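For reference, the structure discussed in these notes is given below.
None of the figures in this text is laboratory data; all of them are computed from the coordinates on show. From a predicted model like this one, the values you see are computed outputs, not experimental measurements. As a convention, Cβ positions derive from the backbone with ideal geometry for all residues, glycine included, and neighbour counts pool all protein chains shown.
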Amino acid sequence: MPKRILVAYASRTGSTIGVAQAIAAVLTESGVQADVVPMPDVKDLSLYDAVIAGSPIQAGAWLPEAMEFIRDHRTSLNQKPFAAFLTCMTLAMGKGKYRDHVSGWLEPVRSMVKTRSEGLFAGALDIGKIPSLGDRLKFKISVLLGIWGEGDQRDWDAIRSWARELPKSLS
Ligand SMILES: Cc1cc2nc3c(=O)[nH]c(=O)nc-3n(C[C@H](O)[C@H](O)[C@H](O)COP(=O)(O)O)c2cc1C
């Protein structure tokens, strides 16, 4: 079992941080030291036996800084057990109908680093926290049209149950 695991995250409006912290809390309960660090702050992977990296989806992709993290650390990530997760609002719709489609959004990550486990989670949409005015307007209209649902759709049971399997899959 890995002794020390990095849980690296990217986030725009904060909800993926909560997911990263929940994953780390489960790992800690199982006796693993888990460090939760924003991806741009990660400098040295040599401290870690395994890495878990997660990002929200925007426009069908991980955030640019998350992809940069994978590109920058690709060599060392390929020498360690690695797991990836995403948060998105598509998974809050259609009762699981879009899971395969959402899984495809991790393909650019898989093409660079082999994943031992992948977590696909519904996220949270808080329009007031979206930094860009244009995006806020776009999302307000989409919510009014019923294309997106607003609110916190994070499924903590699903997140924790994925995290409980990680010490084994990252061994
Ligand atoms: C500008 C923007 C674009 C988004 N694009 C998508 C998308 O293409 N597909 C999707 O399922 N969710 C999309 N979302 C929803 C986010 O992935 C979701 O709200 C996520 O949980 C936000 O995480 P964060 O709070 O850590 O930034 C988008 C959200 C924003 C603000």
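Once the Cα-Cα distance is subtracted from the 0.36 nm per residue extended length, the residue 112 to residue 21 segment shows a gain of 30.3 nm. The alpha carbon convex hull volume per residue for region 74-145 rounds to 120 Å³.
Got the relative contact order for the chain handy, in percent, Cα pairs under 8 Å and 6 or more residues apart?
Details: 290 pairs, mean separation 44.3, N = 171.
RCO, the chain: 26 percent.
Rounded to the nearest angstrom and listed largest first, the equivalent-ellipsoid semi-axes of the chain from its Cα gyration tensor are 27, 17, 15.
Quick one: work out the % antiparallel among DSSP beta bridges in the chain, nearest 5. Please report the intermediate quantities before stating the final value.
Numbers: 4 of 27 bridges.
Rounded to the nearest five, the antiparallel share is 15 percent.
When the chain is treated as a Gaussian network with alpha carbon springs shorter than 10 Å, the biggest mean-square fluctuation among 70, 127, 52 belongs to 127.
Between the listed residues 9, 98, 170, the Cα displaced farthest toward the positive end of the dipole of the chain, a dipole computed from Cβ unit charges relative to the Cα centre, is found at 98. May I ask you to list the lysines whose Cα is less than 19 Å away from that of residue 114, ignoring any residue fewer than eight positions away on the same chain? In chain and number order, the partners are 80, 168.
Any lysines with Cα under 29 Å of the residue 140 Cα? List them, leaving off those in the same chain fewer than 8 positions away. Answer for residue 140, where 29 Å is the Cα cut-off: 95, 97, 129, listed by chain and number. Taking a point 7 Å out from the Cα of residue 74 in the direction of its Cβ, the residues of region 103-124 whose backbone N falls within less than 19 Å of it are 105-116. Per residue, the convex hull spanned by the alpha carbons of region 65-111 comes to 76 Å³.
Projected label points at residue 150 and residue 99, each 7 Å from Cα along the beta carbon direction, are separated by 3.0 nanometres. Projecting label points 7 angstrom from Cα along Cα→Cβ for residue 132 and residue 43 puts them 3.2 nm apart.
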